[in-house]
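K.L.:
One structure, pasted below without further comment.
The values are calculated or read from the model by the stated rules, or taken from the named source; none is laboratory data. The model shown is predicted, which means the values in this text are computed figures rather than measured ones. A quick note on method: Cβ atoms are made from the backbone with ideal geometry, for glycine too, and the neighbour counts reach across all protein chains shown.
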There are 2 protein chains.
Amino acid sequence: MTSVFSKMRLTYGITPPKLATPEPRRREIAAVQAARIASLPIDALIVYDLQDESSRTGAERPFPFLQAIDPLDYAYDYLDRVARPKVVYRSVASLQAPQLVDWLRRLHGLGGATVLVGAPSKTQSVSLQLADAYRVRKAELPEVPLGGVVIAERHDARGGEDERVLSKLEHGCSFFVSQAVYSVTASKNLLSDLYYRCHDSGREPPPLLVTLSPCGSKKTLEFMAWLGVSVPRWLQNELLRAHDILAKSVELSAQSFAELYDFASERGIPLGCNVESVSLQKAEIDASVELVRRIAAITGR
Amino acid sequence: MTSVFSKMRLTYGITPPKLATPEPRRREIAAVQAARIASLPIDALIVYDLQDESSRTGAERPFPFLQAIDPLDYAYDYLDRVARPKVVYRSVASLQAPQLVDWLRRLHGLGGATVLVGAPSKTQSVSLQLADAYRVRKAELPEVPLGGVVIAERHDARGGEDERVLSKLEHGCSFFVSQAVYSVTASKNLLSDLYYRCHDSGREPPPLLVTLSPCGSKKTLEFMAWLGVSVPRWLQNELLRAHDILAKSVELSAQSFAELYDFASERGIPLGCNVESVSLQKAEIDASVELVRRIAAITGR
């Protein structure tokens, strides 16, 4: 099944406002965001389902975790004026199967796609495993387009992410979205192994969106490290020494993507880009918009 | 002291023939090599002093270690027709200080420079430590130009290689030569830290030659890994899957150098290149010559 979602090559990824945000303010934020998104040369909007992830590491979270508005509500109610295909992330660990079915049904009625996400660590108590969530979708609502998360750092550390991608394809995923990418080499390593694994089994490499996340401060960089994002030493130096860290981050992110895009194009891998905008600060939002424009230029739109 | 050796930007690195090679054959090899070197657009010739290095790892050495002709003899006797500045490597671990002084005196009489090399591991018994060898040279023959070895992999694994370079500068090194480079990121990480460390202490970054070593077979690639050279997974795939591994290796090595050269040029680091030719096979020698020509083109000679 080829849907609009497996043809996405440029997306914009956002997080909903926090639950603590008063309703009128939420509507204001959504209205401004909707107007901004309308001007972007993107194929789809991605709305994240933020998790705490504190179970993943003993280190202190650089930013506190605050519960956000339900991403499906935010995508289709608050942002109802955004007339773009929407991908809604859904963390499944705390769900029961019937809840997931209801949720998928609702999403299907709205025409959306989803990326189902498992628990961030094995220590977290889980009522629904990701593999079971995949089975539920396949049995009950296979018509909802499904994406999978892909993490190059996991491949560098212990391998097997290429096999995981193929297994997710068999479980129904038709596109992939990476974690934030700062290490071109880690991503090349994964793309290369994935390419040859597909090649050897006579299949086409699946569409994959490389996530870029502009970094506006030392603290954001520390948060990336906390999340498990690998940032090469030289790039860290460049950002921390930059006169304007945000502008430098946009420049280096665009360079990284250009390098990966060339690498993927030479191999016929349908590589796209997901630009994250997860901050409420104007400078950081502007940087994400600028990055979307640069990526659009690189991919020749 | 600025010598011709601290202005080197392109060198050719060779190993002498094995001791087991009969004298007439040695002379033949040297004659062919001398003619080849005469045609290369290089600033200097580097002659290695190969060590066993088996003490460095428990893994089996993919190629047996065979004692070679003394590198100084080879550089100035066998290759006396090569009218280029010469850098002769010298492993100091098994020497006594007076032997090193005699050797440096001989080298000085011939107008050469040296790279003194310490023991490959801490388990090897050592009669002369590298730091002591540096002191001996500084006290007795400071006029012999001295280079230092630099290893980006060491920096990635435990840091501090940038400090080691500055310390070697203080011990009298006026240029640096890397171990074989296959990981652009590891080299960028080191160059970046070194650049900022020099910048912060108000000094110029020292001249540094990036060593490239064409790889003609799976076994050579395994040997690189055995030597501690980090080869990114994607590059390993490209080499092992290539129709012509040697041609692919030349292409990728030139690409890697071009990337590092741009990176260094933007920061005012005097980066050069040392192309290794450590094989006796014609195809591998031709590849090294081709690589020298490509590097010459990249650096605009």
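K.L.:
Checking B:ARG158 against (1) at pLDDT 95 or above; (2) more than 10 Å from every other protein chain (Cβ to nearest Cβ), which test does it fail?
P.N.:
Failing condition for B:ARG158: (1).
K.L.:
Do we find a residue being within 13 Å of chain B (Cβ to nearest Cβ) and buried (at least 20 other Cβ atoms within 10 Å of the Cβ) anywhere in region A:274-284?
P.N.:
Within region A:274-284, not a single residue is within 13 Å of chain B (Cβ to nearest Cβ) and buried (at least 20 other Cβ atoms within 10 Å of the Cβ).
K.L.:
How many residues does region A:199-233 hold that are within 14 Å of another protein chain (Cβ to nearest Cβ), outside any helix (DSSP H, G or I) and not polar (S, T, N, Q)?
P.N.:
Looking only at that region, the number is 3.
K.L.:
Does region B:181-198 hold any residues that are aromatic (Phe, Trp, Tyr) and over 18 Å from B:LEU221 (Cβ atoms), and which are they?
P.N.:
B:TYR195, B:TYR196
K.L.:
Anything in region B:165-191 that is within 14 Å of chain A (Cβ to nearest Cβ), part of a helix (DSSP H, G or I) and without any contact (Cβ under 8 Å) to a residue 60 or more places away in the chain? List them, or say none.
P.N.:
Selection gives B:THR185, B:ALA186, B:ASN189, B:LEU190.
K.L.:
Here is a list of conditions, (1) out of contact with any strand residue (DSSP E or B) (no Cβ under 7 Å at 6 or more places or on another chain); (2) buried (at least 20 other Cβ atoms within 10 Å of the Cβ); (3) under 30 Å from B:ASP156 (Cα atoms), and A:SER183 meets all of them except one; can you say which number that is?
P.N.:
The single condition A:SER183 does not satisfy is (2).
K.L.:
In addition: Any idea which residue in region B:53-79 is surrounded by the most Cβ atoms within 10 Å (Cβ to Cβ), counting only those that are under 16 Å from B:GLY13 (Cα atoms) and charged (D, E, K, R)?
P.N.:
B:ASP70
K.L.:
How many residues, within region B:42-52, are surrounded by 15 or more Cβ atoms within 10 Å (Cβ to Cβ) and either part of a loop (DSSP other than H, G, I, E, B) or modelled with pLDDT under 80 (or both)?
P.N.:
Within region B:42-52, residues that are surrounded by 15 or more Cβ atoms within 10 Å (Cβ to Cβ) and either part of a loop (DSSP other than H, G, I, E, B) or modelled with pLDDT under 80 (or both) number 6.
K.L.:
Next question, about the same structure. State the number of residues belonging to region A:80-98 that are surrounded by 14 or more Cβ atoms within 10 Å (Cβ to Cβ) and more than 19 Å from A:ALA38 (Cα to Cα).
P.N.:
Selection size over region A:80-98: 7.
K.L.:
Could I ask something else about it? Counting only residues that are touching a helix residue (DSSP H, G or I) at 6+ places or on another chain (Cβ under 7 Å) and over 18 Å from A:ALA264 (Cβ atoms), which one in region B:237-252 is farthest from the other protein chains (Cβ to nearest Cβ)?
P.N.:
Checking each candidate, the answer is B:LEU246.
K.L.:
Continuing with the same structure: Residues that are of a type in the set (S, T, N, Q): list the strands (runs of 3 or more DSSP E) wholly contained in region A:74-155 that include at least 3 such residues.
P.N.:
none
K.L.:
Before we move on, is B:TYR196 of a type outside the set (Gly, Ala, Ser), within 14 Å of another protein chain (Cβ to nearest Cβ) and under 25 Å from B:SER55 (Cα atoms)?
P.N.:
Judged against the criteria, B:TYR196 is not a match.
K.L.:
Answer yes or no: is there a residue in region B:234-242 that is buried (at least 22 other Cβ atoms within 10 Å of the Cβ) and in a loop (DSSP other than H, G, I, E, B).
P.N.:
no
K.L.:
For B:LYS188, are the conditions met, namely being basic (Lys, Arg) and under 29 Å from B:LEU110 (Cα atoms)?
P.N.:
no
K.L.:
With under 22 Å from B:VAL165 (Cβ atoms), of a type in the set (A, V, I, L, M, F, W, C) and in contact with a helix residue (DSSP H, G or I) (Cβ under 8 Å, 6 or more places away or on another chain) as the only criterion, which of B:ALA97, B:ALA133 stands out?
P.N.:
Answer to the check: B:ALA133.
K.L.:
For region A:253-268, which residues satisfy the criterion of being within 12 Å of another protein chain (Cβ to nearest Cβ) and touching a helix residue (DSSP H, G or I) at 6+ places or on another chain (Cβ under 7 Å)?
P.N.:
Of everything in region A:253-268, those that are within 12 Å of another protein chain (Cβ to nearest Cβ) and touching a helix residue (DSSP H, G or I) at 6+ places or on another chain (Cβ under 7 Å) turn out to be A:SER256, A:GLU259, A:LEU260, A:PHE263, A:ALA264, A:ARG267.
K.L.:
Among the aliphatic types (A, V, I, L, M), at pLDDT 95 or above, over 20 Å from B:SER279 (Cα atoms) and out of contact with any Asp or Glu (no Cβ under 6 Å at 6 or more places or on another chain): does that describe B:LEU100?
P.N.:
When the stated conditions are applied, B:LEU100 passes them.
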